[in-house]
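Trainee: What follows is a single structure, and I will ask about it in a moment.
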Amino acid sequence: MMKKSLNKIYVIVPSAGIGTRFESEVPKQYAEINGVSILEKTINHFLNLEIFEQIIIPISPEDNFFEKLSVSKHTKIIKVDGGSTRSESVMSALEYIKENSLVVVHDAVRPYIHQKEIKFLVESFNPGEEDILAYGIPVYEALKKINQENLFVKKSVDRNKFYLAQTPQITTSHMLKNSLEDCFKENFQPNDESEAIEKTGGKIRILPGNRKNIKITVPEDIAEKTITNERVGNGFDSHRFQNGDGLMLGGVKVAYHKSFLAHSDGDIIIHALIDSMFGAVSLGDIGDHFPDTDKKWLNISGRELFEIAYNKVLEKGFSLKQIDIVVIMEKPKLSDYKSEIILSLSNLTNLEKDRIGLKAKTSEKMGFIGKKEGAAALVITRLEE
């Protein structure tokens with residue numbers, strides 16, 4: 001009952017740290033993996049899920065890097081001043097939340113969390129049973145208690161009694177705020193949100209986590225992850241023309257005296273894009289998920305289909321990184337619409353425009369396309385785990 005009354009879910013990604021162990025000219029959250037900053041990778045996992053009200057990013061007042069990220073302009077992103085410690089930054093974010101809500105806190109430098117794990121955390125949280133739910137993993141290595149001065153082992157420790165806490169962690173904003181206030185009164189700086197709630201007598205439950213969800217701490221952590229799990233897919237779609245008032249291509253209506261004959265809006269670019277993504281992650285093809293025998297999909301827009309399809313891809317743990325498109329048709333010419341279509345697809349997929357290629361070709365007057373009876377699209381996509 002209590003969870004149902006908490007209608008809004010916020011995300012806090014504390015990002016004000018400087019990462020002294022990282023030994024870099026930039027804070028570690030802005031170091032890049034395959035050309036994308038760690039922080040941006042992390043934030044995108046949450047932006048791609050519609051369940052969150054807003055994503056609050058506490059950053060240092062001296063930070064000159066965040067505004068350069070494309071995600072900084074997203075309407076769901078709220079920037080607040082961070083503090084000198086993690087807990088102070090989280091408290092700054094909590095001050096923005098005016099009514100008691102669910103709040104998910106995640107480390108800025110854990111970019112390998114999966115969307116399905118985020119959703120499972122939210123679905124599994126029961127405020128009536130636990131005060132905070134946190135991901136954690138068992139300790140498999142031999143565990144030793146040491147003398148910190150000379151590193152001699154004092155004794156071995158039973159590893160079966162220990163878990164390594166991860167993020168994300170979910171609790172309520174009131175619970176976390178009250179716990180942090182109590183910690184501050186005692187001059188205690190908790191290492192994470194679960195420790196703050198533990199300090200004030202709260203109940204913590206661990207949800208079995210994923211070992212791939214590492215916290216990037218030293219440069220070697222990036223080196224290990226530079227080679228990522230990538231998938232490549234290709235898709236194809238074609239439709240005949242019928243009398244109409246324009247063609248939907250990439251979410252843009254292109255002026256023409258005909259339209260596509262199709263069960264949906266016939267957007268061959270988006271349909272081929274969906275097929276390409278599905279192929280890359282072994283989800284079959286567009287007809288398996290959106291059959292033209294089902295009235296449910298009658299006249300549905302390509303944009304709506306994409307959103308449903310992409311959520312299926314995200315649940316498999318993959319996200320889009322690049323799109324290359326070839327449209328084949330004699331008429332109309334696409335030269336005046338290329339920029340608009342790329343912008344439309346950029347907004348739809350959250351990809352930068354320079355990660356979307358669009359080419360228009362003719363069939364040199366051969367076949368049904370050459371006879372101006374229809375058009376086709378080929379799409380290649382690159383996805384990353």
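Trainee: Given the residues GLU129, GLU95, GLU99, which is the only one that is assigned by TED's automatic domain parsing to the domain that holds LYS199, surrounded by fewer than 16 Cβ atoms within 10 Å (Cβ to Cβ), among the acidic types (Asp, Glu) and part of a helix (DSSP H, G or I)?
Mentor: GLU95
Trainee: Given the conditions (1) part of a strand (DSSP E or B); (2) surrounded by 16 or more Cβ atoms within 10 Å (Cβ to Cβ); (3) not hydrophobic (A, V, I, L, M, F, W, C), report the number of the one that LYS144 does not fulfil.
Mentor: Condition (2) is where LYS144 drops out.
Trainee: Further question on the same structure: Counting only residues that are crowded, with 20+ Cβ neighbours inside 10 Å and aromatic (Phe, Trp, Tyr), which one in the stretch 229-278 is nearest to GLU373 (Cα to Cα)?
Mentor: So the residue we want is PHE241.
Trainee: Let me ask something else. Could you list all residues from the stretch 325-373 that are at positive phi and in a strand (DSSP E or B)?
Mentor: none
Trainee: Right, here's the next one. Filter the stretch 121-143 down to the residues that are aromatic (Phe, Trp, Tyr), at pLDDT 95 or above and more than 15 Å from LYS215 (Cα to Cα) and list them by number.
Mentor: If the condition is that a residue be aromatic (Phe, Trp, Tyr), at pLDDT 95 or above and more than 15 Å from LYS215 (Cα to Cα), then PHE125 is the only one that fits.
Trainee: Now, a different point. Among the residues of the stretch 147-156, is there at least one that is among the aliphatic types (A, V, I, L, M), surrounded by fewer than 18 Cβ atoms within 10 Å (Cβ to Cβ) and in the same structural domain as HIS106 (by TED's automatic domain parsing)?
Mentor: yes
Trainee: If I filter the stretch 239-257 for residues that are free of Cβ contacts under 8 Å to residues at least 12 places away in the same chain and either touching a helix residue (DSSP H, G or I) at 6+ places or on another chain (Cβ under 8 Å) or within 25 Å of HIS114 (Cβ to Cβ) (or both), do I get at least one hit?
Mentor: Among the residues of the stretch 239-257, not one is free of Cβ contacts under 8 Å to residues at least 12 places away in the same chain and either touching a helix residue (DSSP H, G or I) at 6+ places or on another chain (Cβ under 8 Å) or within 25 Å of HIS114 (Cβ to Cβ) (or both), which makes the answer no.
Trainee: Of all strands (runs of 3 or more DSSP E) completely enclosed by the stretch 179-249, which ones contain at least 1 residues that are modelled with pLDDT under 95 and under 29 Å from the mean Cα position of the chain (by Cα)?
Mentor: Where strands (runs of 3 or more DSSP E) fall fully within the stretch 179-249 and carry at least 1 residues being modelled with pLDDT under 95 and under 29 Å from the mean Cα position of the chain (by Cα), they are 230-243, 247-249.
Trainee: Hey, another quick one. Could you list, in sequence order, all residues of the stretch 327-348 that are surrounded by 19 or more Cβ atoms within 10 Å (Cβ to Cβ) and in contact with a Ser or Thr (Cβ under 9 Å, 6 or more places away or on another chain)?
Mentor: Passing the criteria: ILE328, MET329.
Trainee: Separate question: Name the pairs whose Cβ atoms lie under 9 Å apart, with the first residue in the stretch 135-147 and touching a residue at least 24 places away in the same chain (Cβ under 8 Å) and closer than 12 Å to ASN160 by Cβ, the second among the aromatic types (Phe, Trp, Tyr) and surrounded by 11 or more Cβ atoms within 10 Å (Cβ to Cβ), and 6 or more positions between them or separate chains?
Mentor: Here the result reads PRO138/PHE162; PRO138/TYR163; VAL139/PHE162; VAL139/TYR163, each pair linking the stretch 135-147 to a residue that is among the aromatic types (Phe, Trp, Tyr) and surrounded by 11 or more Cβ atoms within 10 Å (Cβ to Cβ).
Trainee: Also: Scan (1) buried (at least 22 other Cβ atoms within 10 Å of the Cβ); (2) within 18 Å of GLU315 (Cβ to Cβ) for the single condition GLU117 breaks and write down its number.
Mentor: (1)
Trainee: Here's a follow-up. List the number of the failed condition for ASN160; all other conditions in (1) part of a helix (DSSP H, G or I); (2) under 30 Å from TYR96 (Cβ atoms) hold.
Mentor: (2)
Trainee: Can you report the number of residues in the stretch 277-324 which are part of a helix (DSSP H, G or I) and of a type in the set (Lys, Arg)?
Mentor: Qualifying residue count, the stretch 277-324: 4.
Trainee: Based on what the data block shows, is ILE328 under 30 Å from the mean Cα position of the chain (by Cα), at pLDDT 90 or above and in the same structural domain as GLY246 (by TED's automatic domain parsing)?
Mentor: Judged against the criteria, ILE328 is not a match.
The values are calculated or read from the model by the stated rules, or taken from the named source; none is laboratory data. Everything numeric in this text was worked out from a predicted model, so none of it was measured. Here the Cβ is made from the backbone with ideal geometry for all residues, glycine too, and neighbour counts use every protein chain on show.
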